[in-house]
């Protein structure tokens, strides 16, 4: 029997998702993404320079930064600047977002400029990294639309949309889009980044409690594709 | 003649202000304050411990932290954690907010606990520190109301509301509640923190370009009181 | 046709691997693992204390740290302490190693103590994180054997061996155990952590250049299982 | 009745002040200022470059740094470098000193060079920031006199002297130039920076214990003017 | 022929040295030492606690910290806190001072307390580390005299005075007590720490330009002993 | 009577030393030096640039960095990056190594390039700094041999070999090449750096427990020369 989940969803239900484009009026592109109780404000900033290793090559770059407000969670997390250095979790997540966005970007079409996508988590109830990828792509696309309109670039560097979702095995059952309460008790936790055409960009699966089989993996992938 | 300001206000007009209480659902108290294009998310977190210098004295503490999202402004500001240390401006502002909130708090009534007020600026168009004080007080008051309701404390430690506003001299004229464009070109810039009963908590005035007279000071104070 | 690889291996050949147990005589457990030109010195240090969140629960913890000597690579990499903060790559890798080792450890059997597994890369030619997991498990197992012999613990907390290998798609072909030259030109790069019984512990696959299909994923998994 | 103060002064008495110009023989300008038990060594260093945001504009800059020796106070304060980052109080003070000195400097007359004013507090008994402003101005003026003598600049960039003093309300009475024992028990604490011609440069007043009225403010300003 | 030195001294002349005891009135012990143009303010702070490795052993500790004001030298040196970490030179010097002072201290007689000797260099013209040792010993002795007077300890933990001097080979000639101009051009630079009874505590000799012979060493030691 | 030492050596015996040249295949020069249980991996990296203070002068530079793996010792030492800043001991040692190597290098012959010698201690049983100097010289010499072979330089910048050894007074007896157990209990500990021709480059002697006489010094030097 397929049981109801803590928030009343079926195993293959997503939480309600809304995306508010242009939520940060001072940025070249932005989106506020809400997925259940998770909210991430994504902005895209265009800078007319590239990292040193790309100078003079006529190619662009996309990078991402991620952070959580101290009280995005039910107990307060001290700021990283107070601790004096970035946490491993933050770096892992922002590297993931950056790779996901770069995988669908044509750097020659972008020209010698950098787009920094900032993903700041206002509320965190699980799935902040996947929401950041989905919202970050919208912010990036809006910034690029602005460059196209302004004539700064002549063809669209974005091959196709990219989005991400989490899947997991909770109490023996494969479920889609885990909130914090499920995520913290999951046997297996997996984040999957896919393009609109259904191709995989990144897959990160971790056995939190005990290893999983390849059959489990296939079931989770099917669920993610649905999501 | 009294000229119109860049945004059409009269010299003694405030920008439209809205306060959304409870904007951060995971915090004990919170408020999202909007003043024109400036938006600050304030949360109050209750912690059942006090700094070392207060241990065992039966008295509480209120402290504040302030930060800006990288793209709160029209050009992106790198995160402090990337630079490796907090900026002077941040520290100056969060010390100001903390002093303002502490000036109306009775620490004996609060008991041996700390309330941390986080003020995170989502959009910055001048007056972020004064908005943070006003919004921070609302978040603090909501957290304290929760403690009263829960019976953790028996009398209200908050003497009265506190709020802040900026005034300045721009092009020879005293004006109220400066947006960024006025602030950056002001001759004198002053932040005033007052209680609901009209008493002063803090006054910080700086001659950005050339010194000012005591008559100017009196005019600015009158304007702030109106605000 | 299946072409030869730059180092003369077939697509499903591993590089020659040797593991020298006890390579660090002062550590409770250690192993020097060599895979082709990659060499990682792994040590396991037993400490009779646990992180704060585990105090008094009768359970242990396993954590990992990873670093590269400055001249492990063909051009020198400045030390992290010189830059003043840990790099994202380092943190991502040491979190991966830690999760892999924890997935096969029974913390109740370990008792209230921490084992820190240090993986220091002496030479880096691709696959350092997978070598670190494989070598790190050997160091961990030797340290645990010592605890068993000394009677500090009474049953083995290690469920089964864990090992890792990289697979990738290079020039359209799925290949096993990529050296640096293949890794830097790969279309898809995947690290797979498996237990001796063939169950998955972690899977991390990234499309470096263009997204990949589920069929690719299946092929890579088969290759990894062989490895 | 106007009571005597702890050190025998009347409410509107300054502590004895001495200024020793040229106290740091290796600096372009310097002054050792003593006010009661407070001693601050101020040096001015001329550097033939400006911060990036001023390059190529033909204008100069004045900035200040402030620090206290560990044993300037009656209990030892650990060095900031030991704690790994600058304290908020330090940054607040050095920003105040910088603004005060800049308010009387004509940057076009200074030319494209920076003068750094270092204020190192050898002994601290209240009023270190106001002593630093007064002494810092002397060091700055001496460095500028040197530039004029050497012909590096042709007209004096300093409009007029600037000096600072603290006033406060202690035990209900407005007092001038507070030593530490008064400062730590003051109801209101205010620092006022004025030019020789009596115009205000900066005013910072804080209600340490309870808010104050505008009448109090006027009384304090009159006292400061006297000082 | 023995030539005159740049400052008119003979090779075996010390610079004029003065020591002002009690120069820092808030410290338990202090001394301002002047040697030529070099001035170091030394303070000794008594703290009723010891480092963790000494807890509960009934023995004390002496440690030293060293720093230079930014404008102690003829060109300004940025503060270490601005660079974000202590310089190697600073650490090398403060470790030397600490070892020198510890070599004549009986920790059992001192009891379970720490004395921190801060040596802050106000002016630097060579020989700051040797001046810091000599002046630091005076500050330490004064703090200990205070403990004896107060009855906190019953016998003097200081075996005998310790002092330091630099010697070097400049232009082929052994010279005593080098100012900066000689030090920066010396072939060999040596710092020697001796007790009043003429026994060696520390000897650090470095060939700055070319190696030196044992005969040179003997000559330098004789010179230092004279100093 | 001359007693046997804890490891069976006579007072003037060195521990068995082996040097494996080329131990780090990716570096321009390298050596793995083993002295008893102490092992240090030394690499020399050639960089075609010099520090700012040497730019455009046609002269090169040699610098050294030193580090220990966390489990080089019998109890684990946390990484410096975890503590956030380099330890004083590390900086003291790497400055010593750098000075030793520079004392035999002709910078004009080296040309405008820097050689960084990294000394990473894999196992530490006393004498790591002296082993690092001896092994570091071998790595440096191999890197320079490569530059000569490649024709990048035309004459050998290395005047002669340099090597280092520790001597000490343990239980009243002068001994050569102290392992950790002797070092930690020594009355006097001295490190001596000498060239092949027997001239002194650096001498650092410290009285760990009680001051020593000049006669002791002479005896130690004779022993070191033998070593």
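The values are calculated or read from the model by the stated rules, or taken from the named source; none is laboratory data. Quantities reported herein were computed from a predicted structural model and do not represent experimental measurements. Counting neighbours? That spans all protein chains shown, and the Cβs are built from the backbone with ideal geometry, glycine included.
Worth a mention:
- Scanning the range C:92-107 for residues being at the interface with chain A (Cβ under 8 Å from one of its Cβ atoms), free of Cβ contacts under 8 Å to residues at least 60 places away in the same chain and surrounded by fewer than 22 Cβ atoms within 10 Å (Cβ to Cβ) gives a total of 2.
- Test: residue in the range D:171-188 that is more than 27 Å from residue B:96 (Cα to Cα) and touching a residue at least 12 places away in the same chain (Cβ under 8 Å): no
- Enumeration of residues in the range C:80-91 that are farther than 16 Å from residue A:91 by Cα and buried (at least 18 other Cβ atoms within 10 Å of the Cβ): C:81
- Test: residue in the range A:163-176 that is at positive phi and within 9 Å of chain C (Cβ to nearest Cβ): no
- A single member of C:151, C:227, C:126 is under 30 Å from residue F:41 (Cβ atoms) and modelled with pLDDT of 90 or more, and it is C:126.
- Flag if residue F:64 is in contact with a strand residue (DSSP E or B) (Cβ under 6 Å, 6 or more places away or on another chain), under 23 Å from residue F:170 (Cβ atoms) and buried (at least 16 other Cβ atoms within 10 Å of the Cβ): no
- Looking only at the range D:46-74, and only at residues there that are touching a residue at least 60 places away in the same chain (Cβ under 8 Å) and assigned to a strand (DSSP E or B), the one that is nearest to the other protein chains (Cβ to nearest Cβ): D:47
- Selection within the range B:11-37 - assigned to a loop (DSSP other than H, G, I, E, B), more than 12 Å from chain A (Cβ to nearest Cβ) and touching a helix residue (DSSP H, G or I) at 6+ places or on another chain (Cβ under 6 Å): B:12
- Subset of the range C:194-206 that is farther than 18 Å from residue C:93 by Cα and touching a strand residue (DSSP E or B) at 6+ places or on another chain (Cβ under 7 Å) - its residue that is farthest from the other protein chains (Cβ to nearest Cβ): C:195
- Residue in the range B:120-138 that is touching a helix residue (DSSP H, G or I) at 6+ places or on another chain (Cβ under 6 Å), surrounded by fewer than 22 Cβ atoms within 10 Å (Cβ to Cβ), within 14 Å of chain D (Cβ to nearest Cβ) and under 25 Å from residue B:205 (Cα atoms) present: no
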